[in-house]
Structures are given as C-alpha cells and as structure tokens.
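The values are calculated or read from the model by the stated rules, or taken from the named source; none is laboratory data. Model, not experiment: these values are computed from the prediction. Positions of Cβ are backbone-derived with ideal geometry, glycine not excepted, and every protein chain shown enters the neighbour counts.
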C-alpha cells in the first residue's frame, strides 16, 4: 500500500493493532505480542485475535504465579479488539519518510 492509501483507510476507520498471548512452562511464563495487523473498517478484530486468545487459554494458565495473571490480561486485551498502535505506526512511517537520505 502507498502512504496515501493508508491515510485514506485510516480516515475511514482502519487501524493498526497487535494482540497479546501468554505461554507458561511450569515456573516460566512468557507474555508476547503478535505482529502488527492492519484492520480496515469492517474487519473483525475479535476474529483476527481469536488464535492468540485460544493459545493463551490453553497454554497460559500453567505458570505460577504470573500465568493466570498474564492470561487474563491477554484475553481481556484481545477481547477489546487488541492494542491499538495506529499512532505509533503512523509516527514511525512519517519519521522514515522525513529522514534525509545520505
């Protein structure tokens, strides 16, 4: 996509989001973020985040004490449509374009 197309989609309600997931191995618990997804207006963030939510529900609970805590946080954030990082992505894209070429 070109920058103009991204701006147009953002004005229509598109956004950049990431989803969280949690994996536990007995005493170790890992909370990670997915890749960044571009969701156009009308795309379902819940459907896109469902694999990460299911992974957390299956593999996240088992670490003590952080497994249940991180699992609940991940499921909560994913159920709200993921974490909106649109501003950060646009700022990063803008900074990349404005940088002088050497």
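Checking the condition in contact with a strand residue (DSSP E or B) (Cβ under 9 Å, 6 or more places away or on another chain), at pLDDT below 95, within 18 Å of residue 19 (Cβ to Cβ) and surrounded by 12 or more Cβ atoms within 10 Å (Cβ to Cβ), which residue from 89, 85 passes? Lay out the reasoning, then the answer.
Numbers: 85 fails: at pLDDT below 95.
Step by step, each of 89, 85 is checked, and only 89 is in contact with a strand residue (DSSP E or B) (Cβ under 9 Å, 6 or more places away or on another chain), at pLDDT below 95, within 18 Å of residue 19 (Cβ to Cβ) and surrounded by 12 or more Cβ atoms within 10 Å (Cβ to Cβ).
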Count of residues meeting criterion [crowded, with 16+ Cβ neighbours inside 10 Å and modelled with pLDDT under 90] in region 1-41: 1
